[in-house]
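> Here's a structure for you.
The values are calculated or read from the model by the stated rules, or taken from the named source; none is laboratory data. What you see is a predicted model; the values in this text were computed from it and never measured. Counting neighbours? That spans all protein chains shown, and the Cβs are built from the backbone with ideal geometry, glycine included. Remember, those area values only see protein heavy atoms, side chains included, never the ligands or the DNA or RNA. Shrake-Rupley method; radii C 1.70, N 1.55, O 1.52, S 1.80 Å.
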Amino acid sequence: QARRWSKKWGDLPCGQITQEMVQQHLFERRKISAYAANKELRYLRATFNFGVRQKLISNNPTDGIEFFPVEKKAKYVPSAEDLDKVIDCADPDTQDYLWTMRETMGRVSEVNRLKWDDVDLQNQSVTLYTRKKKGGHLTPRRVPMTLKLHEILMRRHENRDPDKPWVFWHRYWSRKHGQFVEGPYGDR
């Protein structure tokens, strides 16, 4: 979004961007979809609010602009049978990963950052950390292990590389470092 805004308004000081200019931009984005336009409005509003709070600009040109109406559809929630089919098709490491997500109801980011220090096999619990709280602070939540999860984590713990703190990790080429690196998944 920021590149798009810079291309459109880059020659203007922020204080000279008007509500009409923002509305025109949103109408153009609306041609893609109402979702795209509303997402853009949320980001613009947050950016301008930051500028107002920091006293970089005096007003927010998005104030008073309404969101476009959207038709919300019910999301498909897969059945237990569908989940089992997907897990059965995966390779063994991915099966462990998917079972961990299913049995903890953890987010991808929570399971990706899971370390052995967060796994209590004796008391059969897992501590997951999320940034979904206000302020973005890393917040722990303790989840009891099911028998299936205990079995999986026990087996992985016995076969783990003691030099790796993560439950799920991979070896990948890092463009940043120009070499192969071992570490947790950033996304999966």
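> For region 92-100, indicate whether the set of residues that are surrounded by fewer than 16 Cβ atoms within 10 Å (Cβ to Cβ) and in a loop (DSSP other than H, G, I, E, B) is non-empty. Spell out the reasoning first.
As a first pass, look at region 92-100 and keep what is surrounded by fewer than 16 Cβ atoms within 10 Å (Cβ to Cβ): 92-95.
Pick out the ones that are also in a loop (DSSP other than H, G, I, E, B) and you get none.
Taking every residue of region 92-100 in turn, none turns out to be surrounded by fewer than 16 Cβ atoms within 10 Å (Cβ to Cβ) and in a loop (DSSP other than H, G, I, E, B).
> If you check residue 125 against the conditions, is it of a type in the set (Ser, Thr, Tyr) and over 18 Å from the mean Cα position of the chain (by Cα)?
Yes.
> Is it true that some residue in region 98-112 is touching a residue at least 60 places away in the same chain (Cβ under 8 Å), among the hydroxyl-bearing types (Ser, Thr, Tyr) and closer than 21 Å to residue 162 by Cβ?
yes
> Let me ask something else about it. Output the number of the condition that residue 78 fails; it satisfies all remaining conditions of (1) closer than 30 Å to residue 121 by Cα; (2) touching a Ser or Thr at 6+ places or on another chain (Cβ under 9 Å); (3) in a loop (DSSP other than H, G, I, E, B).
(2)
> Residues of region 28-46 being closer than 17 Å to residue 2 by Cα and either in contact with a strand residue (DSSP E or B) (Cβ under 9 Å, 6 or more places away or on another chain) or open to solvent by 70 Å² or more (accessible area, probe 1.4 Å) (or both), which ones? Can you show your working first?
Taking region 28-46 as the starting set, the residues that turn out to be closer than 17 Å to residue 2 by Cα are 28-29, 36-46.
Correct list: 28, 39, 42, 43.
> Hey, can you tell me all the residues within region 133-158 that are open to solvent by less than 50 Å² (accessible area, probe 1.4 Å), over 22 Å from residue 92 (Cβ atoms) and not in a loop (DSSP other than H, G, I, E, B)?
Passing the criteria: 139, 143.
> Being touching a residue at least 24 places away in the same chain (Cβ under 8 Å) and assigned to a strand (DSSP E or B) is the filter; apply it to region 113-122 and report the residue that is least open to solvent (accessible area, probe 1.4 Å).
119
> Where in region 1-71 are there helices (runs of 4 or more DSSP H), lying wholly inside it, with at least 3 residues that are of a type in the set (A, V, I, L, M) and modelled with pLDDT under 90?
Numbers: elements: 2-9, 19-30, 34-53.
In region 1-71, no matching helices (runs of 4 or more DSSP H) lie anywhere.
> Quick one: is residue 32 in contact with a Phe, Trp or Tyr (Cβ under 7 Å, 6 or more places away or on another chain), free of Cβ contacts under 8 Å to residues at least 60 places away in the same chain and not charged (D, E, K, R)?
No, not satisfied.
> Can you find even one residue in region 123-132 that is of a type outside the set (S, T, N, Q), in a helix (DSSP H, G or I) and either modelled with pLDDT under 95 or buried (at least 16 other Cβ atoms within 10 Å of the Cβ) (or both)?
Looking through region 123-132, none of the residues is of a type outside the set (S, T, N, Q), in a helix (DSSP H, G or I) and either modelled with pLDDT under 95 or buried (at least 16 other Cβ atoms within 10 Å of the Cβ) (or both).
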